[in-house]
Amino acid sequence: MNIVVLLKQTPDTESVIRIAPDGQSIVTQDLKWIINPYDEFAVEAALRLKEKHGGTVTIVSWGPQRVVESIRTALAMGADKGVLLDDDTLDGGDSLGVARALAAVVQALQPDIVLCGSRAVDYDLAQRGPMVAELLGWPHLGLAVSLDSDGSSVTIERPIEGGKVTMHASLPALVTMGGSHAVWNPRYASLPGIMKAKKKPLEMKKLGDYGLSAEECGAPAAKIRMVSLEMPPERKPGRIIDDGLDTEGKAAALVKALHEEAKVI
Amino acid sequence: MADCVVSVAEFRAGNFRRVSFEVASEARKVADALNVPLYGIAVGAGVGDKAKELGWYGVDKVFVADDPALEHYVPELYVPVIASIIERWNPAAVLLPASVDGKDLSARLAARLQTGLAQDCIQVVCDGGAVKAKRPIFAGKCLAWCEWAQGALPMISCRPNVMDCKDADATRQADVEKVAVDLPEARSKVLGVELDTTGKVELTEAEIIVSGGRGMKAAENFVILEQLAKELGAAVGASRAAVDAGWRPHSDQVGQTGKVVNPNLYIAVGISGAIQHLAGMGSSKYIVAVNKDPEAPIFTKADYGIVEDLFKFIPAFTEEVRKLKSTC
Ligand SMILES: Cc1cc2nc3c(=O)[nH]c(=O)nc-3n(C[C@H](O)[C@H](O)[C@H](O)COP(=O)(O)OP(=O)(O)OC[C@H]3O[C@@H](n4cnc5c(N)ncnc54)[C@H](O)[C@@H]3O)c2cc1C
Ligand SMILES: Nc1ncnc2c1ncn2[C@@H]1O[C@H](COP(=O)(O)O)[C@@H](O)[C@H]1O
């Protein structure tokens, strides 16, 4: 099975987010970078598919050179090769522009299945997966918390509000990953894995390699952009309910505060 | 010139989901600001008579795609059906629910319509005829205003539970037009749907959430939070530590890699307040923290803090809530 994982590098979830002086972007200087957690789930799911059906797992990413480290991590987990679209003419592209570029890379690889995150934990755009599928004219199944394939089709379960849906698609198809660490339990890169990863192929590509240009994918094509950022309103300092009260006293005082001051119960 | 605003509704198991009315109410405001009619789109099986309900929330005309094949959300079917209705018009904006299905649909629909989507928005404004939308990024650690390029159709999915919902005006009539459904060949389908019938409140739609963390110590101890939640009509959430320990299902996880919630009241019990957790619940209207460690970071975000052993405090608190509920 020829499997592609779309992988995005995101700031570590520990990161404190600060707005840059331009008011439109965030300060990236001191950020630590990680594989988007949902994409790590996708790598795990891809490796499990490969274990069952054989084949190759290709990691595809758009981003700057720092992304090499994340791709190497995925290779160390067990993926076979990587493609990094490092092309700054894509800067300023919106979700659809980037999806066009990713779709072109996918098309060139002719996979049976594409796995990606349901959202990246940076801008929480939650768009690229379904967009890539639409551009390819493929079905997509979203927010998988389980994934099974017989080699010619794929079945997933997806949680919806108050329930669970089982969906099925024939291949080729795209699946976006939901769930959490507890569901996918992504493996760690082993030491031998890390050594091997250094020798695995990682191709650097430009938009032009796919017959695309900034006009179709970059800033000139963007239909939407972030014009200004703001911090969420600061929470007013709260108070500790104590006043020398015993447990029952504090419980009563809290109920009173929630009922009479906050009026939420 | 734009000739309408469009709001897309979500129909499931015979009813519109509430977020549909929130979206219609918000879209009505945009339509009023731009002085154009509001068109609704309702897709599903058996929408029929229900379509008029959208009128109660400000929709002027509802386009209904009613077909047994559309009973469940299948992106390959829903997207072309909805796109073909939108393409009949030149809308100033399309608003949709940022529900689970709604977000998935919105993304694919935006690609189909070749436009820009602002996902999971919390505010929409019309600024001199231009539509702008505000959305949380980094799970709410920061907020971003989005604008559309000249001539691009603004697509906006609206976070549930955030936008004001009009009061239903059952005297308000909407025209209803059934559209002929032309279904494409699809390679995907729904095999089954299991709906929870226990009356469990969905976290992202809950008014009150009681969440437990590692301090709960074991799965069976969550029963004290369940009891409290029952008294409050609340949903039960969890930190990643509690989910990773296998005490709670992953769907209960609140935070940057779980659900982002915005209830009126969030009660964090035995949760330290890691940045990834705070990101997911920091926009709650009121936050209560119960933790035995006075230094726990959660207290810096809490409106009311209780420094106590949770196993002593929660039963006492539940009892006080019970007393309150029996008097009013
Ligand atoms: C990539 C990534 C993504 C993550 N995503 C999320 C996410 O989505 N959601 C999330 O929650 N976390 C997430 N985390 C994990 C996060 O960093 C914390 O590890 C986690 O939130 C800690 O959970 P906790 O507060 O329950 O546990 P702890 O930090 O261990 O806190 C337990 C608290 O319970 C208190 N306590 C113990 N016993 C009692 C008692 N008897 N009475 C009262 N208080 C008591 C302790 O004082 C302590 O403050 C993520 C981490 C990473 C790396
Ligand atoms: N720059 C990128 N390179 C590769 N994949 C990406 C990129 N951006 C987004 N994706 C994929 O699309 C998913 C959703 O991302 P987003 O739409 O940004 O929330 C991610 O989890 C990735 O799988």
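Under a cut-off of 25 Å between alpha-carbon atoms, report the lysines in cross-link reach of B:LYS134, not counting same-chain residues fewer than 8 places apart.
A:LYS8, A:LYS223, A:LYS236, B:LYS29, B:LYS103, B:LYS166, B:LYS259, B:LYS285, B:LYS301
Given axes a ≥ b ≥ c from the Cα gyration tensor, I'd like to know whether segment A:11-55 is rounded (a/c under 1.5), prolate (a/b larger than b/c) or oblate.
Note, shape of segment A:11-55 comes out prolate.
Output the direction-averaged projected area (hull surface divided by four) of the convex hull of the alpha-carbon atoms of segment B:203-327, in nm².
6.6
Relative to 2.2 N^0.38 Å, what does the C-alpha radius of gyration of segment B:135-276 come to as a ratio? Two decimals please.
Relative to the rule-of-thumb radius for its length, segment B:135-276 sits at 1.39.
Quick check: residue separation of A:TRP33 and A:LYS236 times 0.36 nm, minus the Cα distance between them. What number comes out in nm?
The span from A:TRP33 to A:LYS236 would gain 69.9 nm if fully extended.
Find how many whole Å separate the alpha carbon centroid of segment B:205-240 from the alpha carbon centroid of segment A:60-109.
About 40 Å separates the Cα centre of segment A:60-109 from the one of segment B:205-240.
Could you work out the mean projected area of the convex hull around the alpha carbons of segment A:152-265, in square nanometres to one decimal?
17.5
Using alpha carbons only, how many angstrom separate the centre of segment B:132-158 from the centre of segment B:61-109?
Computed from Cα coordinates, the inter-centre distance equals 20 Å.
What are the extents of the Cα atoms of the protein assembly as shown along their three principal axes, listed from largest to smallest and rounded to whole Å?
Taking the Cα atoms of the protein assembly as shown, the three principal extents are 72, 68, 50 Å.
Name the shape class, rounded, prolate or oblate, that the alpha-carbon gyration tensor gives for segment A:87-204, where a ≥ b ≥ c are the square roots of its eigenvalues, rounded holds for a/c under 1.5, and otherwise prolate holds if a/b is larger than b/c and oblate otherwise.
Rounded, since a/c falls under 1.5.
Apply 1/(1 + (r/R0)^6) to the Cβ-Cβ distance of B:SER84 and B:LYS166, taking R0 = 25 Å, and write down the FRET efficiency to the nearest 0.05.
In this case the efficiency is close to 0.30.
Can you pull out the trypsin sites (Lys or Arg not before Pro) in segment B:14-88 whose DSSP state is coil and whose Cβ has at most 16 other Cβ atoms within 10 Å?
Those that pass, being in a loop and sparsely packed, are B:ARG88.
Output the Kirkwood hydrodynamic radius of chain B, Cα pairs only, in Å rounded to one decimal.
21.2
Would you mind calculating the relative contact order of segment A:1-148 from Cα pairs under 8 angstrom and at least 6 residues apart, reporting the percent as a whole number?
Computed over segment A:1-148, the figure is 31 percent.
Which FRET efficiency, nearest 0.05, do B:ARG18 and A:ARG187 yield, Cβ-Cβ r, R0 45 Å?
0.65
In square nanometres, what is the average projected area of the Cα convex hull of segment B:4-178?
9.3
By the gyration tensor of its Cα atoms, with a ≥ b ≥ c the square roots of the eigenvalues, what is the shape of segment A:2-221: rounded for a/c under 1.5, prolate for a/b over b/c, or oblate?
Rounded, because the longest to shortest axis ratio a/c is under 1.5.
Mark the label point 7 Å from the Cα of B:ALA149 along Cα→Cβ and return the residues of segment B:102-120 whose backbone N is within less than 20 Å of it.
B:107-119
Using Cα pairs closer than 8 Å and at least 6 residues apart in sequence, work out the relative contact order for chain A, in percent.
Relative contact order of chain A: 24 percent.
Okay, which of segment B:234-276 sit inside 12 Å, backbone N to the point 7 Å along the Cα-Cβ direction of B:LYS200?
B:235-238, B:248-253
Applying the Karplus parametrisation 6.51 cos²θ - 1.76 cosθ + 1.60 with θ = phi - 60° to the phi angles of segment B:66-75, what ³J(HN,Hα) value in whole Hz is obtained for each residue in order, glycine and proline being reported as x?
Once θ is set to phi - 60°, the couplings for segment B:66-75 become 10, 7, x, 5, 9, 4, 10, 5, 10, x Hz.
Suppose a student asked you for the relative contact order of chain B, using Cα pairs under 8 Å spaced at least 6 residues apart; what percent would you report?
It comes to 14 percent, rounded to a whole number.
Separation of segment B:260-328 and segment B:24-59 by C-alpha centroid, Å?
So the separation of the two Cα centres works out to 38 Å.
If you split all Cα-Cα distances of segment B:1-66 into 10 Å bins from zero, what percentages do you get per bin, shortest first?
With 10 Å bins starting at 0, P(r) equals 25, 55, 18, 2.
Lysines near B:LYS178 by alpha-carbon distance under 16 Å, same-chain residues fewer than 8 away left out - which ones?
In chain and number order, the partners are B:LYS50, B:LYS52, B:LYS61.
Bear in mind these aren't lab numbers, they're just calculated from the coordinates by the rules spelled out. None of the values given here were measured: they were computed from a predicted structure. No Cβ is skipped: glycine too gets one built from the backbone with ideal geometry, and neighbour counts run over all protein chains shown.
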